[in-house]
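J.: Before I ask anything, here is the structure I am working with.
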There are 2 protein chains.
Amino acid sequence: MSRWEADAGGRLQHAAMSLYFERGYDDVTVAEIAERAGLTKRTFFRHYADKREVLFAGAPAFQAGVVAAVAAAPADTSPIATVITALAETAGAQLAQYGEWARARRDLVESSTDLRERSLIKSADLAAAVAAALGERGVAPGTATLTAHAGVTAFTVGYDRWADGNGAGDLPTVVRRTLGDLRAAITS
Amino acid sequence: MSRWEADAGGRLQHAAMSLYFERGYDDVTVAEIAERAGLTKRTFFRHYADKREVLFAGAPAFQAGVVAAVAAAPADTSPIATVITALAETAGAQLAQYGEWARARRDLVESSTDLRERSLIKSADLAAAVAAALGERGVAPGTATLTAHAGVTAFTVGYDRWADGNGAGDLPTVVRRTLGDLRAAITS
């Protein structure tokens with residue numbers, strides 16, 4: 001059994017993604033997603049607040065994983081090294097499996113203002129959570145905010161690069177390399 | 001006559017801001033904004049697509065100013081210097097006048113998911129436009145994207161710092177200093 005078939009949440013995600021790819025995001029209803037998954041609308045709304053949220057189902061677990069990794073980093077690790085390691089390793093553990101979907105999902109998100117807004121707020125919330133986790137480690141607020149933003153930028157741009165290659169290459173390596181490129185861009 | 005009273009768009013902006021501050025964003029209607037401004041709902045919709053957009057009235061002119069400044073920078077200026085100069089100087093010319101409003105407006109935006117999403121997409125669009133303008137100058141796409149993100153991060157975090165001080169201090173200086181702090185955070 002694939003991970004998609006394992007539970008109702010996963011079946012709804014799979015059904016939604018398939019329908020969005022086939023017909024475009026705007027034209028698909030929650031009723032159609034539920035029907036495709038062989039479930040009811042009520043079951044859909046037990047799992048997801050709306051038809052946007054089904055595309056971001058992994059975001060809470062990813063954020064929690066990153067925050068836990070920041071908290072668990074050795075005390076003598078610099079803030080930026082702490083953040084990029086947390087992002088790269090959690091991405092490798094939780095997101096790399098979506099290789100074949102990553103580009104199509106990214107293109108789908110880019111096709112809709114509604115989805116772009118939701119995606120951007122997830123990234124902003126992630127940056128805020130990372131900044132707070134750095135604060136817990138005693139990093140000053142100004143440095144924490146900027147380090148978190150830099151890390152999340154390297155992660156999102158790196159993830160896009162990886163998605164552009166349809167998930168070829170090692171996601172953590174691509175994220176780390178993107179931070180190196182960001183550093184080069186900002187110090188030139 | 002203050003700049004707010006000079007035209008219908010400005011009067012509607014002033015009325016909306018006042019009402020949002022008084023009663024919170026969610027509880028205010030377009031009809032009430034128009035009434036406060038002594039104008040009709042039809043006039044409101046000639047100027048703004050919805051009650052969110054009235055808070056971002058300056059964004060298109062700001063983006064156009066930044067893009068023009070990137071295009072006009074001397075050919076031998078580095079990408080990051082080009083971007084931060086364009087952002088800092090355009091901010092100084094167009095946004096510094098909003099000193100007394102900046103913090104209240106920022107707090108208002110932070111109070112609403114709807115407004116946060118709109119604000120984030122404006123920043124993302126600004127970064128994309130800056131990256132495209134760097135591309136026109138012959139900067140490679142990867143560097144252009146990361147440089148634009150770094151610059152917009154320095155600008156948005158710097159703007160927040162300036163707003164936290166209720167507009168005290170020189171906005172372009174605060175933005176440039178924030179880029180220096182970002183560079184320090186990412187190279188530590």
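J.: Restricting to the range B:141-157, name every residue that is more than 10 Å from chain A (Cβ to nearest Cβ) and either buried (at least 20 other Cβ atoms within 10 Å of the Cβ) or in a loop (DSSP other than H, G, I, E, B) (or both).
T.: Scanning the range B:141-157 gives a single hit, B:Phe155.
J.: Report, ordered by the first and then the second residue, all pairs with beta carbons closer than 8 Å, sequence separation of six or more or different chains, a first member in the range B:51-68 that is in contact (Cβ under 8 Å) with a residue 60 or more places away in the chain, and a second member that is in a loop (DSSP other than H, G, I, E, B).
T.: Close Cβ pairs (under 8 Å, with a partner that is in a loop (DSSP other than H, G, I, E, B)) amount to B:Phe62/B:Leu95.
J.: Search the range B:105-121 for residues being within 10 Å of chain A (Cβ to nearest Cβ) and not aliphatic (A, V, I, L, M), and hand back the single one that is nearest to A:Leu115 (Cα to Cα).
T.: B:Glu117
J.: Residue check: is A:Leu126 under 17 Å from the mean Cα position of the chain (by Cα), within 14 Å of another protein chain (Cβ to nearest Cβ), buried (at least 21 other Cβ atoms within 10 Å of the Cβ) and modelled with pLDDT of 95 or more?
T.: So A:Leu126 passes the test.
J.: Could you tell me how many of the residues in the range B:73-87 are within 11 Å of chain A (Cβ to nearest Cβ) and part of a helix (DSSP H, G or I)?
T.: Looking only at that region, the number is 6.
J.: Does A:Leu108 meet the test of being in contact (Cβ under 8 Å) with a residue 40 or more places away in the chain and either in contact with a Pro (Cβ under 9 Å, 6 or more places away or on another chain) or under 23 Å from B:Ala131 (Cα atoms) (or both)?
T.: yes
J.: Take B:Leu19 and tell me if it is more than 19 Å from B:Val152 (Cβ to Cβ) and in a loop (DSSP other than H, G, I, E, B).
T.: So B:Leu19 fails the test.
J.: Now, a different point. Would you check which residues across the range A:161-188 are away from chain B (no Cβ under 14 Å) and not small (Gly, Ala, Ser) and list them?
T.: Matches in the range A:161-188: A:Asn166, A:Asp170, A:Leu171, A:Pro172, A:Thr173.
J.: Would you call A:Ala88 surrounded by 18 or more Cβ atoms within 10 Å (Cβ to Cβ) and at pLDDT 95 or above?
T.: yes
J.: So for the range A:161-172 (the condition being part of a helix (DSSP H, G or I), of a type in the set (S, T, N, Q), in contact with a helix residue (DSSP H, G or I) (Cβ under 8 Å, 6 or more places away or on another chain) and closer than 24 Å to A:Ala57 by Cβ), does at least one residue qualify?
T.: No, the conditions are met nowhere in the range A:161-172.
J.: If the Cβ limit is 8 Å and pairs must be 6+ apart or interchain, which residue in the range B:88-101 that is outside any helix (DSSP H, G or I) pairs with which residue that is aliphatic (A, V, I, L, M)?
T.: Every condition considered, the pairs that remain are B:Leu95/B:Ala102; B:Leu95/B:Leu171.
J.: Oh, and also: If we scan the range A:62-82, do we find a residue that is surrounded by fewer than 17 Cβ atoms within 10 Å (Cβ to Cβ) and under 15 Å from the mean Cα position of the chain (by Cα)?
T.: Taking every residue of the range A:62-82 in turn, at least one turns out to be surrounded by fewer than 17 Cβ atoms within 10 Å (Cβ to Cβ) and under 15 Å from the mean Cα position of the chain (by Cα).
J.: Contact list please: Cβ distance under 7 Å, first residue in the range A:19-35 and under 16 Å from A:Val109 (Cβ atoms), second residue among the acidic types (Asp, Glu), pairs at least six apart or on different chains.
T.: Close Cβ pairs satisfying both conditions: A:Leu19/A:Glu32.
J.: Being in contact (Cβ under 8 Å) with a residue 60 or more places away in the chain, among the small types (Gly, Ala, Ser) and under 22 Å from B:Glu117 (Cβ atoms): is that true of A:Ala124 here?
T.: no
J.: Working only within the range A:129-140, note down all residues that are surrounded by fewer than 16 Cβ atoms within 10 Å (Cβ to Cβ) and within 11 Å of chain B (Cβ to nearest Cβ).
T.: A:Ala140
J.: Out of the residues in the range B:7-28 meeting the condition of being acidic (Asp, Glu) and modelled with pLDDT of 90 or more, tell me which one is farthest from B:Phe44 (Cα to Cα).
T.: B:Glu22
The values are calculated or read from the model by the stated rules, or taken from the named source; none is laboratory data. Keep in mind the model is a prediction, meaning the values are calculated, not measured. Please note: Cβ atoms are built from the backbone with ideal geometry, for glycine as well, and neighbour counts cover all protein chains shown.
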